[in-house]
1. Once each part is reduced to its C-alpha centroid, what is the distance from region 54-120 to region 13-31 in angstrom?
2. Net charge around residue 42, counting only other residues with Cβ within less than 13 Å of its Cβ (Lys, Arg = +1; Asp, Glu = -1)?
3. Semi-axes of region 27-117's equivalent ellipsoid from the Cα gyration tensor, sqrt of 5 times each eigenvalue, largest first, rounded to whole Å?
4. Kirkwood Rh, the chain, all Cα pairs: how many Å?
5. Give me the accessible area per residue for region 11-116, probe 1.4 Å, as a whole number in Å².
6. Sorted from largest down, what three extents in whole angstroms do the Cα atoms of region 1-75 have along their principal axes?
7. With all protein chains present, how much of the accessible area of region 1-90 (probe radius 1.4 Å) comes from carbon and sulfur, to the nearest whole percent?
8. Can you tell me the Rg and Dmax of region 41-94, counting just the alpha carbons, in angstroms?
Amino acid sequence: MYDYLLACFFLFCLWGNISVDIWMGMDIDLNTTGYEFHKIVYDSGIKYDPLFVDNSPYMRWSAFITAIVYAPYYVIASKCLFYGQGLGNQNSFIRTYSFYYAYGMFINMSIVLYLELKEYYNNTTLAPSLGFYWIPCGAYWIVPLLIIIRMRKEDKQYGTMKNEMEKVK
């Protein structure tokens, strides 16, 4: 069940990469694209997350780079999770990619949340509105953290199993 939820989260992230992040990364004003969905995202951004809509260089590059680097991961990882393969076996490509995703996204979102918190405490016009904003943004921080914990636990368990098998020999 957990893996299916994780796969659905990854598909949501992929959709966000394609529908918003690439556009923001190319410094395209979502309010002027002519797409109704972009207008909704823009209006929500103004209301809940003005720093994102302001599209500062860090936010722009963060959105663009993570969309390019992690969009393929979301596809591969979702497929593995839906087929019951988890996040791969130790030393597999998907497992390595999962570590890069988890640590990279966790660090990136820590920076983003720090920038948002700074705006909030300085009470600027770019400060986020608490509430709805923290749900999606927080998920982009919490899920990678949970993946790190999961993979470390699995690797530790794998190491223990490997040691037990060597004792048997």
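The values are calculated or read from the model by the stated rules, or taken from the named source; none is laboratory data. What you see is a predicted model, and the numbers here were worked out from it, not measured in a lab. When we count neighbours, we look across all protein chains shown, and the Cβ atoms used for this are built from the backbone with ideal geometry, even at glycine. SASA here: full protein model, heavy atoms, side chains in, ligands and nucleic acids out. Shrake-Rupley method; radii C 1.70, N 1.55, O 1.52, S 1.80 Å.
1. Measuring centre to centre over Cα atoms gives 15 Å.
2. Result for the neighbourhood of residue 42: -3.
3. Working: eigenvalues 184, 53, 23 Å².
Semi-axes (√(5λ), whole Å): 30, 16, 11.
4. 17.4 Å
5. 52 Å²
6. 38, 22, 21
7. Working: 3250 of 4900 Å².
About 66 percent, which is the carbon plus sulfur part of the accessible surface.
8. 16.1, 44
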